[in-house]
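The values are calculated or read from the model by the stated rules, or taken from the named source; none is laboratory data. Keep in mind that this is a model prediction, so the values were computed, not measured. Here the Cβ positions follow ideal geometry from the backbone for every residue, glycine too, while neighbour counts run over all protein chains shown. For accessibility, only protein heavy atoms count, side chains too; no ligands or nucleic acids. Shrake-Rupley method; radii C 1.70, N 1.55, O 1.52, S 1.80 Å.
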Amino acid sequence: ALRNTYSIAAANMSLGGGEYTDPCDTDPRRLAVDNLVSAGIATVISSGNNGFVDAVGAPGCIPTAITVGATTSQIPADQVANYSNAVDFLDLLAPGSDIYSSVPGGGFESWGGTSMAAPHVTGAWAVLKSHTPTATVNLILTHLRNTGIDVYDSRNELTFPRIEVAGALGLDDPPGAFST
């Protein structure tokens, strides 16, 4: 309802539950996610913190959602966090461990979880959408995947892209590298 009043690039949902090894086409929230996508707004959802290596929580299992797992800040960097849920249809990774953030009631603390990673992707999405306002949800997702840094998950032998915003903007490439 507000898409014509505000320029909305993405919505963040840092919540979830359950254990879904396949996309959950019948989740009752799918209609809302699909409606946002049809309006050009991504729904970025955390994958969950159960350490599942072959499943994610709902609503991250919705096929049209952008589902995000977390990487660690430990040495070596760019490892999938052991708490992060992952499955072959996980879309992206982002930093999720030791994130210094504001907390309810005021102040700041260091937290970890996929609920720290999903806002990274939501913010990156807004940057890319402001750079190329006509970009579709599909185009931005494809671009983030193609310019991300591949991170191998030894728990399930899958590789996922960790977002890399400068690369996604084409700052290392000729002008106009990211376009529709």
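A few notes on this one:
- Under a Gaussian network description of the chain, with springs only between Cα atoms under 10 Å, the residue in His143, His120, His131 that fluctuates furthest is His131.
- Table column - 3J(HN,Hα) (Hz), segment 36-52, Karplus curve with 6.51, -1.76, 1.60, x for Gly and Pro: 5, 4, 5, 8, x, 10, 7, 10, 9, 10, 5, 7, x, 10, 8, x, 5
- Solvent-free Debye calculation, one equal scatterer per alpha-carbon of the chain: log10 I(q)/I(0) at 0.10, 0.13, 0.16 Å⁻¹ equals -0.37, -0.63, -0.95.
- Between Ser102 and Thr21, the distance separating the two model label sites (each 7 Å from Cα on the Cα→Cβ line) works out to 4.2 nm.
- Estimated inter-spin distance, Thr136 and Leu158, nm [label 7 Å along Cα→Cβ]: 2.4
- Summed over qualifying helices (DSSP H, 4 residues or more, each -39500 (n - 2.57)) and divided by its residue number, the chain shows a 222 nm mean residue ellipticity of -7000 deg cm²/dmol.
- Taking θ as phi - 60° and the Karplus parameters 6.51, -1.76 and 1.60, the scalar couplings of segment 84-98 work out to 6, 5, 8, 7, 4, 9, 4, 7, 8, 10, 8, x, x, 10, 6 Hz in sequence order, x denoting glycine and proline.
- Expressed as a whole percent, the accessible area of the chain that falls on carbon and sulfur atoms is 53 (1.4 Å probe).
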